[in-house]
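Data first, discussion second: the structure below is written as structure tokens.
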Amino acid sequence: MGHLVNLLQLQTTLFFSNSPTCSSIALKPHTFEYLKANVLTSKCKAFGGGEMDALPHLQTLRKFPREELVAKVVLVRFDSTLLLREQGEEQRFQPNALFTIKYLHQSGAKVVLVSDWSVKTNPRLFVAQSVAEFLSSLLEYKVVPVQCISQNVVSKREGFEKGDILLLENLSAFRGEVANCSKFSQALSSGVDIFVNDYFSRSHKILASTCGVTRFCYANLAGFHFEESLSQLRRATESNTKPHVAIIGGGNLFDKAAALHSLTSRCDGLVFVGMMSFQIMHALGLPVPLNLVEHGVLKEALDIVQVAHIRNVQILYPKDFWCKNDHLPKQLEIFRAHRILDGWVPVDIGPASFVEMKFMLSRCKKVTWIGPVKFRTSNCTKGDSELAQMLNQLSQSNCNITVVGNKACEAMVKESNFTFNFTMIKDASVVWEFLKGRKLPGVMALDRAYPFDIDWSDAYSDPAQPLVVDIGSGNGMFLLGMAKTRKYLNFLGLEINKKLFSACKTLPGLCSLAWDKKWVLHRNKCYFNIPIHYF
């Protein structure tokens, strides 16, 4: 007996069975008196569980029927920090972002690009014309700028007479973007059939170009870069690899307290290397300079320490620091953590701390580094580089390394010699928000997909047998009755849900549908007697 409950947040129930005495399963979650059979288990939590609620399985461009893209107007929200930079480590993240656009164009879609950009992204790119020319050189297609948002100069469909791909105006110029204005979203998506989001780095924000437009498009998909980034976030937060240690840099413990609780529940050890280490030391009763203590966070820090103690999670904090004095700007001194003299402020963790950290990490199978090491700006310290070297060596010995945040990623790229054996997530804000237990608006706005691939051998002793699918199976009594008399068939019952039908495509046996009990059997094969177009 097996069942999978509450899929796709639509209270859908699937029922599977195959046993020597019964080859179907159709029962409600709290009914246990029926015949025993093999249980279909999921490798991820069912929808309705906290973690999978926050990271649902999405409809992706990769799995969307390619033929349905032909002649459709597709709006692509791209990440300007990836595509509009000329040099730097961002180029490593470009291929999937570029492939999204090229794939759509080559599939026959009419591609419309939209994003925000500024001189900080690339000083040479500001006006839409220069951005279009830059993208044309990257994509090797003619990209032309059009004004379809602020003015009704040309419709999106008419604009393709000028070029292969259209580029809309800079979203930075519109207040409706950050306000998620409904009218602005409607104008942005006017004439659009399908929306593709490839802007994962701001998926924790509610924007018109990532959330609002999804209300006006009949399909909302994750692009290739978005899909890969979401997979990286899943891998980074999985807790099935042990021992798992999180290296935590940066400050602002008050805002990140919920995320730190999450890390404490997932990890076997916490290593604090940023300003938050002083808050933890203060909670542990260690002497800390008052000017380094964050006001009003003692309770949160005590809670984290207590949870770590209950779960037997080791907490490691710096034992020494490199410090500087404003009166001696060229001089750096090493001080023990509890003996920092007046006038000296920490700028980086010291050598003794690195030795202790290296010993702890050498026993780990998984390490997540999030946040910078440095405490204050200084060009004389190399904490980020030393930690990156340490993690790069660990990655060569089958240790699962995830690096989160711009500074951390930059350090890892510099020390890796372009041999990447680790996962990088550039935007730490997305990870912090997810760890707080919050749903990511940019993720939740996209269409859902079937949550995982089914191993049919777990459901049926002989998956190659013909399968009867009962749509609207109710309590499953019909399937149970049929299975008792037709042991040469497999039966599957599910409540009406179009998106679940695709799961049956992977079954080796012949698939057919039974709708309202109207079905026929002929020569050991199943057929349905009404037109169904989902297979």
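The values are calculated or read from the model by the stated rules, or taken from the named source; none is laboratory data. These figures come from a predicted structure and were not determined experimentally. A quick note on method: Cβ atoms are made from the backbone with ideal geometry, for glycine too, and the neighbour counts reach across all protein chains shown. For accessibility, only protein heavy atoms count, side chains too; no ligands or nucleic acids. Shrake-Rupley method; radii C 1.70, N 1.55, O 1.52, S 1.80 Å.
In this structure, is residue 461 open to solvent by 40 Å² or more (accessible area, probe 1.4 Å), assigned to a helix (DSSP H, G or I) and modelled with pLDDT of 80 or more?
On the way: open to solvent by 40 Å² or more (accessible area, probe 1.4 Å): yes; assigned to a helix (DSSP H, G or I): no; modelled with pLDDT of 80 or more: yes.
No; evaluated as a whole, the condition is false for this residue.
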- Test for residue 226: is it part of a helix (DSSP H, G or I) and open to solvent by less than 10 Å² (accessible area, probe 1.4 Å): yes
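Restricting to the stretch 348-367, what's the tally of residues that are out of contact with any Leu (no Cβ under 7 Å at 6 or more places or on another chain) and either open to solvent by less than 20 Å² (accessible area, probe 1.4 Å) or outside the structural domain of residue 266 (by the TED database) (or both)? I'd like the intermediate steps shown before the answer.
Let us first name the residues in the stretch 348-367 that are out of contact with any Leu (no Cβ under 7 Å at 6 or more places or on another chain), namely 348-355, 358-359, 362-366.
Remaining after also requiring either open to solvent by less than 20 Å² (accessible area, probe 1.4 Å) or outside the structural domain of residue 266 (by the TED database) (or both): 348-350, 353-354, 364, 366.
Residues in the stretch 348-367 being out of contact with any Leu (no Cβ under 7 Å at 6 or more places or on another chain) and either open to solvent by less than 20 Å² (accessible area, probe 1.4 Å) or outside the structural domain of residue 266 (by the TED database) (or both): 7 in total.
Restricting attention to the stretch 292-308, which residues are among the charged types (D, E, K, R) and in a loop (DSSP other than H, G, I, E, B)? It would help to see each step written out before you state the result.
At the first step, the residues of the stretch 292-308 found to be among the charged types (D, E, K, R) are 294, 299-300, 303.
Residue satisfying the conditions is 294 alone.
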- From 499, 484, grab the single residue that is open to solvent by 80 Å² or more (accessible area, probe 1.4 Å) and modelled with pLDDT of 75 or more. 484
- Note on the structure: The condition from (1) in contact with a helix residue (DSSP H, G or I) (Cβ under 8 Å, 6 or more places away or on another chain); (2) in a loop (DSSP other than H, G, I, E, B); (3) modelled with pLDDT of 85 or more that residue 64 misses is numbered (1)
- Query: Within the stretch 409-455, which residues are in contact with a Cys (Cβ under 9 Å, 6 or more places away or on another chain) and either closer than 25 Å to residue 254 by Cβ or at pLDDT 85 or above (or both)?
  - Reply: 424, 425, 426, 441, 442, 444, 445
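Taking the stated definitions as given, is residue 248 over 18 Å from residue 441 (Cβ atoms), outside the structural domain of residue 65 (by the TED database) and open to solvent by less than 10 Å² (accessible area, probe 1.4 Å)? Steps first, answer last, please.
Details: over 18 Å from residue 441 (Cβ atoms): yes; outside the structural domain of residue 65 (by the TED database): yes; open to solvent by less than 10 Å² (accessible area, probe 1.4 Å): yes.
The answer is yes for residue 248.
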- Task: Determine the pairs where a residue that is assigned by the TED database to the domain that holds residue 287 and modelled with pLDDT of 85 or more, located within the stretch 318-341, has a partner that is open to solvent by 80 Å² or more (accessible area, probe 1.4 Å) and of a type in the set (Lys, Arg) with Cβ atoms under 6 Å apart, the partner being 6 or more residues away or on another chain.
- Result: 320/336
